[in-house]
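Comments concern the structure below.
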Amino acid sequence: MAIEHKVRQVEALFDRLEIEIKAFQSETHLSCNAGCGKCCSTPNIDASPLEFLPWAFHLFLNGKAEETLASLSNFKTKNCFLYRSLSVLEYHKGSCSNYRYRGLICRLFGYGANTDKFGKLRLVTCKIIKEEQLENFNKAEEFINKETYVPIFSDYYMQLAQIDLRLGITLLPVNEALKIAIEEVLHYYAYRPFPGGLEHIA
């Protein structure tokens, strides 16, 4: 399957998820605190290369793939390469430098559920939301227990794997996933022409 086709499929999956998350937020009134980067600034986040393929493809179209790969190779911390903090003193406040192309894990966290050891769905969210939006969090848990629809992590990662099994099921530290996503795009086009009709899309 062509890289462009995989990118379109991943983006379509993200578009469906966005609709579901907005519906869930509308029901529960849960939301991230403005300017909070607590989860993004956490080291040891795992992700699959496939969820960052649209980001890598975007870099390639803009002629920035090789430059970004070199920067990633020299990036020594375990924190996400795409996260930008407001300052050294306020490291947990910040934002994603490429929010439009953020990964699946970034989209699901806070608004998705996992199954616990008793087979019940539990919302996967941060301590800040649980403590500062307790009423909304409890309401969300009630909705889930009443079988109100909530995006489920395993369902979405299964759908991702159906696009590309190798790149979809491989979970790595986020910066390794970012590197592999870029390498996949660069290797694919190493002996192929620039994707037709996309020369001026970036």
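The calculated FRET efficiency for MET158 paired with ARG8, based on their beta-carbon distance and R0 = 22 Å, is about 0.70.
Distance from the C-alpha centroid of segment 1-68 to that of segment 96-131: 13 Å, rounded to the whole angstrom. Shown here: segment 1-99, whose C-alpha atoms stretch 39, 36, 22 Å along the first, second and third principal axes, sorted largest to smallest. The length gained by stretching the chain between ALA23 and PHE81 to full extension, at 0.36 nm per residue less their Cα-Cα distance, is 17.9 nm.
THR170 sits with roughly 50 Å² accessible to a 1.4 Å probe, with DNA, RNA and ligands left out of the calculation. Rounded to the nearest 20, the size of the Cβ-charge dipole of the chain about its Cα centre is 320 debye, with Lys and Arg at +1 and Asp and Glu at -1.
VAL124 to LEU186: FRET efficiency via 1/(1 + (r/R0)^6), r the Cβ-Cβ distance, R0 30 Å, to the nearest 0.05? Don't skip to the answer; put the middle values down first.
Working: r = 33 Å, r/R0 = 1.10.
So the FRET efficiency works out to roughly 0.35.
The shape of segment 71-110 comes out oblate: with a ≥ b ≥ c from the C-alpha gyration tensor, a/c is at least 1.5 while a/b does not beat b/c. Calculation over all alpha carbon pairs of the chain in 5 angstrom steps from 0 returns a P(r) of 1, 7, 14, 18, 18, 16, 12, 7, 4, 2, 0, 0 percent.
Please give the charge dipole size of segment 35-143, origin at the Cα centre, charges +1 on K and R Cβ atoms and -1 on D and E Cβ atoms. Round to the nearest 20 debye.
Working: 15 positive and 11 negative charges, 17 e Å.
Magnitude of the dipole: close to 80 debye.
Which of the helices in the chain, when you take each full DSSP H run, stretch at least 30 Å along the axis at their Cα atoms and have an average Kyte-Doolittle score of -0.5 or higher? Flagged H segments are 3-28. Taking every DSSP helix (H) stretch of at least 4 residues in the chain, weighting each as -39,500 (n - 2.57) and dividing the sum by the residue count yields a mean residue ellipticity at 222 nm of -15000 deg cm²/dmol.
Assuming a ≥ b ≥ c are the square roots of the Cα gyration tensor eigenvalues, decide whether segment 124-167 counts as rounded (a/c under 1.5), prolate (otherwise, with a/b larger than b/c) or oblate. The shape class here is oblate. When the charge dipole of segment 50-97 is built from unit charges on Cβ atoms (+1 for Lys and Arg, -1 for Asp and Glu) and taken about the Cα centre, the candidate among HIS58, CYS96, LEU86 whose Cα reaches farthest toward its positive end is LEU86.
Tell me, what is the per residue accessible area of the chain in Å², probe radius 1.4 Å? Spell out each step's value before the answer.
Values: 11500 Å² over 202 residues.
Dividing the accessible area of the chain by its residue count gives 57 Å².
The values are calculated or read from the model by the stated rules, or taken from the named source; none is laboratory data. Quick caveat, the model's predicted, so the values are computed rather than measured. When we count neighbours, we look across all protein chains shown, and the Cβ atoms used for this are built from the backbone with ideal geometry, even at glycine. Protein only, heavy atoms only, side chains kept; ligands, DNA and RNA dropped before computing areas. Shrake-Rupley method; radii C 1.70, N 1.55, O 1.52, S 1.80 Å.
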